[in-house]
Amino acid sequence: MKRYLMALALALAACAPQVTQAPEARPLLEEKAFYPALPGLEWVYLPEGEPLSSPPYRLRVEGPALYEGQEALRFRFQGRGEDRVYYRQVGAFGVRLLGFQDPSARVVFAPPLLEYPPEALLAVGYRWGGTTEVRVELLTPSSREPLAQGRLGYQMEVLEEREVRVPAGAFRVFRIRQVYQDARSQDVREVWFAPRVGEVRTREGRLLVERNFR
């Protein structure tokens, strides 16, 4: 079972398909935080290389919540049959991922995984990382059943700062390499993060198409 731990922790797919409707046209929200996390913020993504007419993925900040007894923010990700809620803490320490949940499973990181460091430390050449215990539970209508558990190591490094152009426009981003390691395998990803915008390219290779804030 451990061989599936990393895959479950990084990209656990939902079972039930969802219908995504086009949002109403609304005024842009104002958000000035280095790590945007205001409830109501939304990002729209498409896999790299796909036409703009393709069904999108949406990430939205839903608001405060509790996860494993800790205060957090709910980030809901939906699209193409996926429906997953990420629980994050955003503050002077950076961005911590406590875990995530979809209709079929629940994943908990203990201690939380540090996705981004304090704002002042995010610069070319900076590295951070750690080790966390990952617990995966299968959700049933009446209970939560243990599915897998193990340690996951991670190392992040800011490779460079440069300007990129994606469907949402041109942005100055930090290219960040993410390396995840469990007992059996290693997974290497890359994200592009733009301060006060968010992820312009996600670790799954999805590019930012639009956002509802400035």
- Could you please find all residues in the stretch 111-124 being part of a strand (DSSP E or B) and not acidic (Asp, Glu)? 111, 112, 113, 114, 116
- Does any residue of the stretch 82-104 turn out to be over 20 Å from residue 198 (Cβ atoms), β-branched (Val, Ile, Thr) and crowded, with 17+ Cβ neighbours inside 10 Å? no
- Query: What number of residues within the stretch 165-193 are assigned to a strand (DSSP E or B), of a type outside the set (Lys, Arg) and under 20 Å from the mean Cα position of the chain (by Cα)?
  - Reply: 16
- Query: Quick one: which of 152, 139, 159 is more than 20 Å from the chain's Cα centre (by Cα) and either small (Gly, Ala, Ser) or modelled with pLDDT of 95 or more (or both)?
  - Reply: 139
- Task: Check 132, 140 and return the single one that is exposed (fewer than 13 other Cβ atoms within 10 Å of the Cβ) and either among the aromatic types (Phe, Trp, Tyr) or under 21 Å from residue 101 (Cα atoms) (or both).
- Result: 140
- Selection within the stretch 182-214 - of a type outside the set (Lys, Arg), in contact (Cβ under 8 Å) with a residue 40 or more places away in the chain and over 24 Å from residue 26 (Cα atoms): 182, 183, 185, 187, 193, 202, 204, 205
- Based on what the data block shows, is residue 3 modelled with pLDDT under 95, in contact with a Lys or Arg (Cβ under 6 Å, 6 or more places away or on another chain) and farther than 24 Å from residue 172 by Cβ? yes
- Across (1) assigned to a strand (DSSP E or B); (2) free of Cβ contacts under 8 Å to residues at least 24 places away in the same chain, residue 141 clears everything bar (1)
- Message: Whether any residue in the stretch 53-68 is polar (S, T, N, Q), under 24 Å from residue 193 (Cβ atoms), loosely packed, with under 14 Cβ neighbours inside 10 Å and modelled with pLDDT of 95 or more is what I want to check.
- Response: yes
- Query: Since residue 40 meets every condition but one in (1) outside any strand (DSSP E or B); (2) within 15 Å of the chain's Cα centre (by Cα), which condition does it not meet?
  - Reply: (2)
- Single residue of the stretch 44-59 satisfying the filter (out of contact with any Pro (no Cβ under 9 Å at 6 or more places or on another chain) and part of a strand (DSSP E or B)) that is farthest from residue 204 (Cα to Cα): 59
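The values are calculated or read from the model by the stated rules, or taken from the named source; none is laboratory data. Computed from a predicted structure; not experimentally measured. Here the Cβ is made from the backbone with ideal geometry for all residues, glycine too, and neighbour counts use every protein chain on show.
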